[in-house]
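Read through the structure below, which is laid out as C-alpha cells, and then see the notes.
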Amino acid sequence: MKTRIKSVKPLAETKFLSLYDAEYTNKKGNTKHWAMASRKDKETLRAQIFEGKKEKIDAVVIAAVHRTLNKLVLVKQYRVPINDYIYELPAGLIDDGEEVFTAVERELMEETGLNLISIDNAKRPLPIYVSPGMTDESIALVYCLCDGEASTKYLEDDEDLEVILVSQEEAKKLLNEDVKFDVKAYLVLKSFAELGRDIVL
C-alpha cells in the first residue's frame with residue numbers, strides 16, 4: 001500500500017503562505033495527520049493533489065555571475081524567522097501567469113539592480129524542493145550572467161538586504177567564516193569557489 005493524502009484542511013491562510021492539515025494514509029493503512037505550509041491557495045493545492053493538475057513552480061533562485069567583474073552575486077538579507085541576516089542568492093516569488101525566465105530578470109533587477117545578460121538554457125529550470133518535510137514550496141534554480149552596477153533602490157520596504165559580489169578567492173574565504181548561509185547559496189558558493197564562472201557555462 002502506498003502513502004496517499006486523503007484530505008487537506010486549511011489551518012491558517014495568509015497572502016503569501018498558508019498552513020494546512022493533511023490527512024493521509026500511511027503504508028500500513030493507518031490514518032495520520034501532517035501539518036504543512038504551502039504558497040498555494042486551497043483550491044490550487046486540492047486540484048494538484050486530487051485532480052492531477054500540473055504544479056506551478058513557486059519561486060526563482062538566481063545563481064548569477066557578474067560578466068565584467070567575474071564575481072558571484074549574493075545578498076545578505078534579514079529574515080524574520082531567524083531574527084538575523086543570512087547569505088542568500090537573489091530570489092523571489094513568480095507572479096501569476098509569469099514565465100520563469102521573466103521572473104529571473106525582474107527579481108534580479110529588483111533585488112540587486114543588475115541587468116540579466118544571458119541564461120544558461122542547458123540547465124532547464126525544474127521544480128526543486130527546499131524543505132519537503134515542512135512545505136511543498138518549489139523553486140527553479142537558474143544560472144545566468146549579469147552586468148551593471150549593484151543597487152538596492154528597487155527594494156520593497158520590508159526587504160532589508162545588502163548586495164555582495166564575491167570573487168572566486170573571496171568565496172573560498174567566506175565558506176570558512178562563522179556566518180549564516182541559506183543552503184542553496186552555500187551549495188552554489190561552494191561550486192563557484194571550485195569552478196569560478198564555469199558554473200554558468
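Where a number appears in this text, it was derived from the coordinates with a stated rule and is not lab data. These figures come from a predicted structure and were not determined experimentally. Every residue, glycine as well, gets a Cβ built from its backbone with ideal geometry; the counts of neighbours run over all protein chains shown.
How high is the relative contact order of region 4-51, given as a whole-number percent (alpha carbon pairs under 8 Å, six or more residues apart)?
That works out to 32 percent.
In µm²/s, what is D for the chain at 25 °C and 0.890 mPa s, where D = kT/(6 pi eta Rh) by Stokes-Einstein and Rh is the Kirkwood radius from Cα pairs?
133 µm²/s
Once R0 is set to 35 Å, what does the formula 1/(1 + (r/R0)^6) return for the Cβ-Cβ distance between LEU187 and SER151, expressed as a FRET efficiency to the nearest 0.05?
0.85
Per the Kirkwood definition applied to all pairs of different Cα atoms, how many angstroms is the hydrodynamic radius of region 82-151?
13.5 Å
Within region 99-156, list the trypsin sites (Lys or Arg not before Pro) lying in a DSSP loop whose Cβ has at most 13 other Cβ atoms in a 10 Å radius.
LYS153
Give the distance, in whole Å, between the Cα centre of region 1-71 and the Cα centre of region 134-180.
Here the two parts' Cα centres lie 25 Å apart.
Strictly greater than 13 Å: what percent of every Cα pair in region 4-51 meets that?
So the portion of pairs separated by more than 13 Å is 54 percent.
Stokes-Einstein diffusion coefficient for region 133-201 at 4 °C in a medium of 1.567 mPa s, Rh from the Kirkwood formula over Cα pairs: what value in µm²/s?
90 µm²/s
Hey, what angle do you get for helix 100-112 against the long axis of the chain, alpha-carbon based, 0 to 90 degrees rounded to 10?
Its long axis makes an angle of about 50 degrees.
Quickly estimate the mean residue ellipticity at 222 nm for the chain, helices only: each DSSP H run with n ≥ 4 gives -39500 (n - 2.57), and the total goes over all residues, rounded to 500.
Helices in the chain give a 222 nm mean residue ellipticity of -6500 deg cm²/dmol.
Summarise the long-distance tail of P(r) for region 1-93 by giving the % of C-alpha pairs beyond 15 Å.
72 percent
What is the antiparallel percent of DSSP beta bridges lying wholly in region 59-200, to the nearest 5?
Just about 70 percent of them are antiparallel.
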